[in-house]
Amino acid sequence: MGSNMYIDLYHVSLYVCVCAVGLTGTKYGCGGGGCGACTVMVSRYDPVEESIHHCAVTACLQPICSLYGAAVVTVEGIGSTRTKLHPVQERIAMAHGSQCGFCTPGMVMSMYTLLRNKPKPSMEDIREALAGNLCRCTGYRPIIDGFKTFCNKEQCCQNGEQRVKCCLENGFTHNLDDNISEELFRVEDFIPLDPTQDLIFPPELIVSVEYGGQLCFQSERVKWISPALLTDLIQLKAQYTDFPMLVGNATLGAFQSNLKAHSAISFLVTFILSLSLSLSLSLSPLSAGVREVCLNEEFFTGFGKTALRPDEILLAIDIPHSKPWEFISAFRQAQRREFAFSIVNAGMKVVFRDESAVVESLDLYYGGVGPSLVKARNTCKELSGRLWDESLLAEGIRLLKEEISLSPAAPGGRVEYRKSLILSFFFKFYMQMLLELRQRVRNFQFNCISIFFKGVAVTDVPPENLSALTQYRSELPQGHHTFQVNDQSSTDPVGRPRMHQAAFQQATGEAQYYDDIPAVKGELFLSMVTSTRAHAKITSIDASAALAMPGVVTFITAEHVPGQNRRLWFGNIEELFIKTELKIKISHSESLDCAHAALRNAAIRFSPLLLFIHQSFFEPKRKLERGNVEEGFEQSDHILEGELYMGGQEHFYMETQGLIAVPGEEAGEMELYVATQHAEVVGLTLGVDSNKITCHVKRLGGGFGGKVMKIASLSAITATAAYRTGRAVRCVLERGDDMLITSGRHPFLGKYKVGYMDDGTILAADITYYSNGGCTLDESSFIMEKALLHMDNGYKIPHLRGRGFVCRTFLPSYTAFRGFGGPQGLTMIESVLHEVAAKCGLPAHQVREMNMYQSEDSYTHHKQLFSPKDMLRCWSECLEKSDYEQRLLAVQQFNSTNRWRKRGMSIVPMKFGIGFSKGFYNQVGCALVNIYKDGSVLVSHGGTEMGQGINTKAIQVSSICLILILTPVSDSLCVFTSVESLIIIYIYKNRTVNMCLHALLHYSKPCKPVFFLYQVVEAYCQKVSLSATGFFMGPHTGVDWKRSEGTAYYYFTFGACCSEVEIDCLTGDHKNIRTDIVMDVGRSLNPALDIGQVEGGFVQGLGLYTIEELQFSPDGALRTRGPSDYKIPALIDIPRTLNTHLLTNAHNPHAIYSSKGIGEPTVFFGCTIFFAIKEAIAAARRERGLSESFNLSSPATAEKIRLACEDTCTTAAFSVKPEPCKPWAIDI
């Protein structure tokens, strides 16, 4: 079944075409090929090999015209819930690898393509196939658990541990108690893979490949020509000299495209320069002959420019044979080890005189240190003819430092780091060649420190220096998870690892998100005009050029708002459309592309305002104090002062923010189809009552707090546009705009003064917190309060004082993020403990343990009673399960024998408050239970499904409350969702609901669906209401900030985490080796979902503390606005071993079935990676005789790690004083 459609070639991507035919399973995550959400399979027939080639491509970047003769398969084409699931779809769902589900179709298609090419893949094959797919929810481990079941068992386990059973059997050989399980899913239940059932390549496309003529596609604005012969291409190049050649029809064509679009950060280009290639180029016309060009640094004439003429075509590449004494090597360092542009890369070649260690010639090429590729000509000249020894190394470092310089304003920033990498790469190359020489001549003399060859000494490589040559190997995460099996009936669904309720629909692309809703007739697209200044006044707005563009309907400003152009939040006013100062106006067009083009033509002039630095804080300022801090300082043996900076974090939910606003048929009515955790403001903005606004929320493609406050303003703006035009308006933020407008986690600065004893006991601590709130208050004050309330973590410090200040700045307002200030507050006190341990010369875990709460009845610093028993159990079990003591000795042994690689370990406890310290925030609202005559049940509640599995848990609880067996029949239990809170499932306690249930169900044993249906019909005939409502007002919490006391939280969730890392002291790269988590979740309602939340939160924290770095220009503009600049953890960033254990025999009388909230706390566990890195750096500094006290801010990026491991290279990088100039980026 098919249909004809017209696509303007201006929209040349495959994604646009896929959406145009209604295939919404392919998701739009970034528009730049950086997330993999839009992955599809493209198949082509090769007439030479007479075979079909399958490849996974990102639809957002694939030109549609390049697919002539190809077959495209989307996630809908391989299986569905209405027909039959493909094994890939089934396994990712049943292995709990789909949470919010937005990335799932892309994951499925990457794995499906791999299986089409290789039905029995290895683990390495899976790693490579998924390298370009990002997930923000799961932490990747469950995705791998599902996909590795396609491997042969002998190919699967690659984590280096000797076990009797393969991890495919979903178990390991540890001795487990009878009530402890590790089985989250059953491999035996999976559908076997049968390649004979896969889709066949369309035979008509095989026939079409035989067509050998030139193809031409043309629309009003674009012309696409696909020549079949070289002569055709040369003629076209002569005719259209300014037209780009987008893709070659062969390897040479792709190579030419890479060369012409070369970048100074291209690792490929830097490497091939060292190969001394020569290129054969055709001249136009063809009769003019062939020109040969040497591929060297002169070939690249500037940024994005080469010596290729517009009409030239690359015909051939000549790769010369290497010589016997010629060696080539390449190096790169990026923000993330894979799927990231290089910060600096290098290609190096040395030729030695025959059978000697004397340099005949040397080539050193660097990328990322200038607008084009750089060759260190003078250094190469000066080192030629010299002996390859330590004097050459020292001279090379000196010469490179002088020859290659970087201005502080150099694009990309990180100037000192890039300088140090230039020298570090040369050192690595020196050591590598030294080892090569030693191996070449080892046949002549083996037992000397120096080896002589032709009268020339070759220095031996000290064993501890060999670590400079090893490279990190990317590995898939492996691990174990254990949970307690409750003593319950086999028909009781609560406490069992049930699959996410919508996992199958998410894996097949059937799950609908807001942007999947078909377009309404006459629908408009909205785009926002954002400010180009951090602080300025608007002097004029001229939209005439934008309005004159075809398809542009209107341009809306503050004057068009029918109601209030502002929102009031605890006394703070935030404007929706800026009238005089700063930023937002919007345009509406008949297509999304027109809307974006209109923005570029909207002329807004600004009058700059002075930027000044002063102390400007939002109110209220908060303070908590226990004991007498000054008295504690007097009693202490030592006083330590310091500070820690924590950078912000972007939510990077896979689904960007947006909504569809549809005007109602009657005056004032408005329907919103929106991805939100919170909806308000629209009624005030439109000047109508809230009861005229209807919000539809099916699910969110990730939220993490970012879709609470920001979407409210976005909804009001979009609704205003719909009201103004009388037409439906769709707003879908581009990834860059989403990051710019919505901001993220608050950056924090903590300054502390601590008094401690010789044995590490802390008597007093005074900590001051400063957060960057941005230009409006948003939820900054609540987040600061959360940080202060968590400043003690699990430690009993007799005298403790904390003060919190929310700084007002000119940046976009920061907002809620998973953890809600908890990670910042907890990390500051952990830094205090870490530094005290270093000063005392004691192991950090000992100092932490001696300062923990111990008494059964303990009081927090805000005088809330709690028991630390389960926290101490988590701590001791984590020490045991991680084998901490033995592994710590192994780390010390490793560090003693490796000079350039160091390891570190860290273990921390956690006490995390659940709920809000403001009592009214804990109310969930109403829940509605309807039982229908056919026996199906509808549960409506006030929660929002965004991947955490709230609907799944609601179904489990509702099933046991209704005494139903969770069978396929009861899958009709569905949940209409509308703000995140697992507390909603308290509805079962509501008296009205219980009255309804008791009237219906007077049998104490579980009943079969047929009998349940009989009961329902009988109740209906007896006129018993089959509907009930419930309301849960939440716990009574609150804090008296003047008296520093109050029950801030309903209860606490506890845990402990241990992590081990390894760093490369020469580049700052690091590898996460192992993480062990023991988590108290009470009695888990669903272990699979809870473990998924634990691991997903940890991996998000891993990004927060290591690689996720936001960069701002000196003018306040955000520079990191997409996946090419901002890196969240990818598959290879996850610890090689990730073990998660749910604490046994844990109870919680304050929540349903003794469960606990788990979605927020574990982000903090990412700090174990941070402190382990700090331990590794300290080991490196200790070996060099440097102070073990040093500043390391979060995130601990490769740059910060490298510069903290001070050595000759970093000293040389800082020795040249830069000229005063405006830096490329500043710290915020």
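The values are calculated or read from the model by the stated rules, or taken from the named source; none is laboratory data. All figures in this text were calculated on a predicted structure; none of them were measured in a lab. Don't worry about glycine lacking a Cβ; one is built from the backbone with ideal geometry, like all the others, and counts go over all protein chains shown. Surface accessibility is based on the protein's heavy atoms, side chains included, excluding ligands, DNA and RNA. Shrake-Rupley method; radii C 1.70, N 1.55, O 1.52, S 1.80 Å.
Can you pull out the residues in the stretch 729-773 that are farther than 23 Å from Cys807 by Cβ and either in a loop (DSSP other than H, G, I, E, B) or out of contact with any strand residue (DSSP E or B) (no Cβ under 7 Å at 6 or more places or on another chain) (or both)? Passing the criteria: Leu733, Glu734, Arg735, Gly736, Asp738, Met757, Asp758, Asp759, Gly760, Thr761. Checking each residue in the stretch 234-255 for being open to solvent by less than 50 Å² (accessible area, probe 1.4 Å), at pLDDT below 55 and touching a Ser or Thr at 6+ places or on another chain (Cβ under 8 Å) picks out only Gly248.
Looking only at residues in the stretch 744-768 that are among the aromatic types (Phe, Trp, Tyr) and buried (at least 24 other Cβ atoms within 10 Å of the Cβ), the one that is farthest from Gly1103 (Cα to Cα) is Tyr756. Would the stretch 1174-1196 turn up any residue that is open to solvent by less than 50 Å² (accessible area, probe 1.4 Å), closer than 30 Å to Lys869 by Cα, touching a Ser or Thr at 6+ places or on another chain (Cβ under 6 Å) and at pLDDT 95 or above? No, the stretch 1174-1196 contains no residue that is open to solvent by less than 50 Å² (accessible area, probe 1.4 Å), closer than 30 Å to Lys869 by Cα, touching a Ser or Thr at 6+ places or on another chain (Cβ under 6 Å) and at pLDDT 95 or above.
Which of (1) buried (at least 23 other Cβ atoms within 10 Å of the Cβ); (2) under 18 Å from the mean Cα position of the chain (by Cα); (3) of a type outside the set (Ser, Thr, Tyr); (4) within 20 Å of Cys878 (Cα to Cα) is the odd one out, the single condition Val1081 does not satisfy? Val1081 satisfies every listed condition except (2).
Figure legend. Inter-residue proximity from the stretch 510-522: first residues more than 16 Å from Cys695 (Cβ to Cβ), second residues among the hydroxyl-bearing types (Ser, Thr, Tyr), beta-carbon distance below 6 Å, spacing 6+ or different chains. Indicated pairs: Asp516/Thr24. Restrict the check to the stretch 802-811 and report whether at least one residue is modelled with pLDDT of 95 or more, surrounded by fewer than 24 Cβ atoms within 10 Å (Cβ to Cβ), at positive phi and of a type in the set (Lys, Arg). Checked against the condition, which is being modelled with pLDDT of 95 or more, surrounded by fewer than 24 Cβ atoms within 10 Å (Cβ to Cβ), at positive phi and of a type in the set (Lys, Arg), the stretch 802-811 yields no hits at all.
Residue count for the stretch 378-391 under the criterion of being surrounded by fewer than 20 Cβ atoms within 10 Å (Cβ to Cβ), assigned to a helix (DSSP H, G or I) and not small (Gly, Ala, Ser): the result is 4. Of the residues making up the stretch 1104-1124, at least one is open to solvent by less than 10 Å² (accessible area, probe 1.4 Å), modelled with pLDDT of 95 or more, over 26 Å from Ala129 (Cβ atoms) and not in a loop (DSSP other than H, G, I, E, B). Does the stretch 906-914 contain any residue that is open to solvent by 20 Å² or more (accessible area, probe 1.4 Å) and in contact with a Lys or Arg (Cβ under 9 Å, 6 or more places away or on another chain)? Yes; the residues of the stretch 906-914 include at least one that is open to solvent by 20 Å² or more (accessible area, probe 1.4 Å) and in contact with a Lys or Arg (Cβ under 9 Å, 6 or more places away or on another chain). Being in contact with a Lys or Arg (Cβ under 7 Å, 6 or more places away or on another chain) and in a helix (DSSP H, G or I) is the filter; apply it to the stretch 1146-1171 and report the residue that is surrounded by the most Cβ atoms within 10 Å (Cβ to Cβ). This residue is Val1163. Can you confirm whether the stretch 504-516 contains a residue that is open to solvent by less than 50 Å² (accessible area, probe 1.4 Å), within 25 Å of Leu1142 (Cβ to Cβ), out of contact with any Pro (no Cβ under 8 Å at 6 or more places or on another chain) and assigned to a loop (DSSP other than H, G, I, E, B)? Among the residues of the stretch 504-516, not one is open to solvent by less than 50 Å² (accessible area, probe 1.4 Å), within 25 Å of Leu1142 (Cβ to Cβ), out of contact with any Pro (no Cβ under 8 Å at 6 or more places or on another chain) and assigned to a loop (DSSP other than H, G, I, E, B), which makes the answer no. For beta carbons closer than 6 Å, sequence separation of 6+ or different chains, a first residue in the stretch 214-241 that is more than 30 Å from Pro550 (Cβ to Cβ) and a second that is of a type in the set (Asp, Glu) and outside any loop (DSSP other than H, G, I, E, B), the qualifying pairs are Gln214/Asp232.
Scanning the stretch 481-490 for residues that are open to solvent by 20 Å² or more (accessible area, probe 1.4 Å) and modelled with pLDDT of 85 or more gives Gln484, Val485. Report yes if Leu85 is of a type in the set (A, V, I, L, M, F, W, C), out of contact with any Leu (no Cβ under 8 Å at 6 or more places or on another chain), assigned to a helix (DSSP H, G or I) and open to solvent by 10 Å² or more (accessible area, probe 1.4 Å), otherwise no. Against the criterion (of a type in the set (A, V, I, L, M, F, W, C), out of contact with any Leu (no Cβ under 8 Å at 6 or more places or on another chain), assigned to a helix (DSSP H, G or I) and open to solvent by 10 Å² or more (accessible area, probe 1.4 Å)), Leu85 does not qualify.
Entry remark, the stretch 459-507: residues being within 29 Å of Gly1068 (Cα to Cα), in contact with a helix residue (DSSP H, G or I) (Cβ under 7 Å, 6 or more places away or on another chain) and of a type in the set (A, V, I, L, M) number 4 in total.
From the list Gly668, Gly683, Gly687, the lone residue that is of a type in the set (Gly, Ala, Ser), over 23 Å from Leu1102 (Cβ atoms) and crowded, with 19+ Cβ neighbours inside 10 Å is Gly683. Summed over the stretch 338-357, the residues that are in contact with a helix residue (DSSP H, G or I) (Cβ under 8 Å, 6 or more places away or on another chain), farther than 23 Å from Ser1124 by Cα and β-branched (Val, Ile, Thr) give a count of 1.
Against the list (1) under 30 Å from the mean Cα position of the chain (by Cα); (2) farther than 26 Å from Tyr795 by Cβ; (3) open to solvent by 10 Å² or more (accessible area, probe 1.4 Å), the condition Arg1074 fails is (2).
For the stretch 104-123, the set of residues classified as open to solvent by 10 Å² or more (accessible area, probe 1.4 Å) and not in a helix (DSSP H, G or I) consists of Lys118, Pro119, Lys120, Ser122, listed by residue number. In the stretch 561-573, of all residues being open to solvent by less than 50 Å² (accessible area, probe 1.4 Å) and not β-branched (Val, Ile, Thr), the one that is modelled with the lowest pLDDT corresponds to Trp569. Of the helices (runs of 4 or more DSSP H) that lie entirely inside the stretch 835-904, those containing 3 or more residues that are at pLDDT 95 or above, in contact with a Leu (Cβ under 9 Å, 6 or more places away or on another chain) and surrounded by 18 or more Cβ atoms within 10 Å (Cβ to Cβ) span 844-850, 869-881.
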